[in-house]
Amino acid sequence: MLTLSTEISTPLVSQIVDGLRGLIAGQVLKPGSKLPSIRAFAASHNVSVFTVVEAYDRLVAQGWLVSRAHAGFFVKRRDDLAGMAGGAILLPPETPRFDARWYLKQIFENRNLPLKPGCGWLPHDWLFGDAVRRSMRQLSTDGPELDGYGLPYGHMALRMIIAESLGEQHISVEASQVLMTHGSSQALDLVARCLLKPGDTVLVDDPGYPNLMYMLRFLGVQLLGVPRTPTGYDLPALEALLQTHQPKAFFTQPRLQSPSCSVASTAQLHRLLQLADQHDFVLVENDIYADMDVSVRATLASLDQLRRVIYVGSYSKTISPNLRVGYLLARADLLANFVQLKMIAGLTSSEIAERVTFGVITDGRWRKHLKSLRDRLGDAQRKVGRRLDSLGFELFHEPEAGMYLWARHPDLPDSAELSHAGTGEGIMLGPGQLFLVDPRTTGWLRFNVAFCEDERLWRFLEQRIEMAQRVAQD
């Protein structure tokens, strides 16, 4: 059916997806026709069953195939693709749609693009891979329990060391106040589902975290954006919102915020806590970049001691995104609700991943790794900032730490259009409208400084700027 090659850089899954999509679009595979079974396709093309499963699943998700129980996979019929407006045929889009739904799906599917200056993780050689491997070997030697589940609150030894390390940041907690989660995303989801109901008003950073905004909208809440400034929050704008709305919560990243990498001052945090008391809303502090910060700073949690603040942390950014180990802190009555929902939704988090993480952060070289990472990020911030400035980009903020730079160029007003062009060149960019509470055309882009060393990125940007300037002159 298809010719696949292991000699090219395109993954086999993508070759299958693109090939079948082309056969369907070209009517070689007719609507309603049945595809070979997973095992038959795998055998005839000399690939693994798992590769075919993933390819078929992607085609189902993209709207090209339909799966029928006990029957197999079929090409979608045209009437299955009929749209709402006059029965028009809506074929699956051939170009990416730059919205939160697209971001959630495509950011991971496109991780095989050669260049990833728009992604939200660190390169593998920036992570603490040696310690992960040592911890996994030790765990294998100790003989981890594979029959059964972990504890509802998570691995006790890890919770104890988290509580101890947070004490160094003046957040006074016991291990009983630490709930391990499947990454920070699950922590944020647990908080939102426990505290909010459809129709509630919620404050978020603007620009802010696309996954969070999509998750909150999925729950049916109304989002209000609190503008970020190079020095933190636009407090007059926040106070104006509070005069006309009664939010239930404010989900925010005071430190090294994504995408702007701005940092709120201690004075702003005090004022934020005063406003939360005055207007009776919860503050959800997402502090997942804390380990990248070169400075010791006050946090909402340290100033409030979890009276009105829920604190979220994670090891995915500095150890490995694949471990998916996060945690949240809250006062006892709220934490009991969070752990109950955690168990209902997915039972326990992975004790194996938590034990591996425990081994990493108790490794004698952990603190040295963090210092090296901070130094490396600081150096990258300066280098990438200079390169962007030399091309005429405006930097929103020039941070001393963290992963991101938020920038725009006067000749590139549509970052979504630029990002689509980049995808065609094998470059994953971070278009600004993804990060806005009210998506609109914008020139802002998020650059991950750890992925901006390749000269192909800078040649691409130079060419697009020159092209835009020529068009403007004609």
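Things worth noting here:
- Any hit, the range 397-408, residues being touching a Cys at 6+ places or on another chain (Cβ under 9 Å) and farther than 24 Å from PHE451 by Cβ: no
- Here VAL17 meets each of (1) surrounded by 14 or more Cβ atoms within 10 Å (Cβ to Cβ); (2) of a type in the set (A, V, I, L, M, F, W, C); (3) part of a helix (DSSP H, G or I); (4) at pLDDT below 85 with one exception, condition (4).
- Residue-level check: of (1) under 17 Å from LEU188 (Cα atoms); (2) at pLDDT 90 or above, SER372 misses just (1).
- Residues located in the range 163-185, provided they are in a helix (DSSP H, G or I), in contact with a strand residue (DSSP E or B) (Cβ under 9 Å, 6 or more places away or on another chain) and surrounded by fewer than 24 Cβ atoms within 10 Å (Cβ to Cβ): ALA163, LEU166, GLN177, GLY183, SER185
- Qualifying residue in the range 248-259 (condition: crowded, with 23+ Cβ neighbours inside 10 Å, at positive phi and of a type outside the set (Lys, Arg)): yes
- Pair list, Cβ under 6 Å, 6 or more apart: the range 305-325 residue in the same structural domain as LEU179 (by TED's automatic domain parsing) and buried (at least 24 other Cβ atoms within 10 Å of the Cβ), other residue among the small types (Gly, Ala, Ser) and assigned to a strand (DSSP E or B): SER314/GLY326
- For the range 370-378, the criterion of being touching a helix residue (DSSP H, G or I) at 6+ places or on another chain (Cβ under 9 Å), surrounded by 21 or more Cβ atoms within 10 Å (Cβ to Cβ) and within 29 Å of GLY225 (Cβ to Cβ) is satisfied by at least one residue.
- Which listed residue, of LEU373, LEU341, LEU329, is closer than 26 Å to ALA301 by Cα and not assigned by TED's automatic domain parsing to the domain that holds MET160: LEU373
- Search result, residues across the range 38-78 that are in a helix (DSSP H, G or I) and touching an Asp or Glu at 6+ places or on another chain (Cβ under 9 Å): ARG58
For every residue, the table says whether it meets (1) outside any helix (DSSP H, G or I); (2) closer than 21 Å to ARG470 by Cα; (3) out of contact with any Gly (no Cβ under 8 Å at 6 or more places or on another chain).
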{"site": "GLU398", "(1), (2), (3)": "yes, no, no"}
{"site": "PRO410", "(1), (2), (3)": "yes, yes, no"}
{"site": "HIS420", "(1), (2), (3)": "no, yes, yes"}
{"site": "ARG440", "(1), (2), (3)": "yes, no, yes"}
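- When the range 297-345 is filtered for residues that are assigned to a loop (DSSP other than H, G, I, E, B), at pLDDT below 90 and of a type outside the set (Ser, Thr, Tyr), the ones remaining, listed by number, are LYS317, ILE319, PRO321, ASN322, LEU323, ARG324.
- In a residue-by-residue description of the range 362-381, the property of being without any contact (Cβ under 8 Å) to a residue 60 or more places away in the chain, part of a helix (DSSP H, G or I), touching a Leu at 6+ places or on another chain (Cβ under 6 Å) and not acidic (Asp, Glu) applies to no position.
- Looking only at residues in the range 17-40 that are of a type in the set (A, V, I, L, M, F, W, C) and closer than 16 Å to VAL66 by Cα, the one that is nearest to the chain's Cα centre (by Cα) is VAL17.
- Flag if SER349 is surrounded by 24 or more Cβ atoms within 10 Å (Cβ to Cβ) and in contact (Cβ under 8 Å) with a residue 40 or more places away in the chain: yes
- If you check MET84, MET1 for being under 30 Å from LEU216 (Cβ atoms), at pLDDT below 85, part of a loop (DSSP other than H, G, I, E, B) and more than 28 Å from the chain's Cα centre (by Cα), only one passes: MET84.
- The one condition from (1) modelled with pLDDT of 85 or more; (2) more than 16 Å from ILE319 (Cβ to Cβ) that LEU158 does not meet is (2).
- Among (1) in a helix (DSSP H, G or I); (2) farther than 28 Å from TYR315 by Cβ, the one test that ASN211 misses: (2)
- Evaluated against (1) over 20 Å from ARG297 (Cβ atoms); (2) buried (at least 19 other Cβ atoms within 10 Å of the Cβ); (3) within 24 Å of the chain's Cα centre (by Cα), PRO227 falls short on exactly one condition, (2).
- In the range 184-222, the residues that are among the acidic types (Asp, Glu) and closer than 24 Å to THR244 by Cα: ASP200, ASP205, ASP206
- Only listed residue being touching a helix residue (DSSP H, G or I) at 6+ places or on another chain (Cβ under 7 Å), farther than 28 Å from CYS194 by Cα, at pLDDT below 90 and not assigned by TED's automatic domain parsing to the domain that holds MET136, chosen from GLU425, GLU417: GLU425
The values are calculated or read from the model by the stated rules, or taken from the named source; none is laboratory data. These numbers were taken from a predicted model, which means no experiment stands behind them. Every residue, glycine among them, receives a Cβ derived from its backbone with ideal geometry; neighbour counts consider all protein chains shown.
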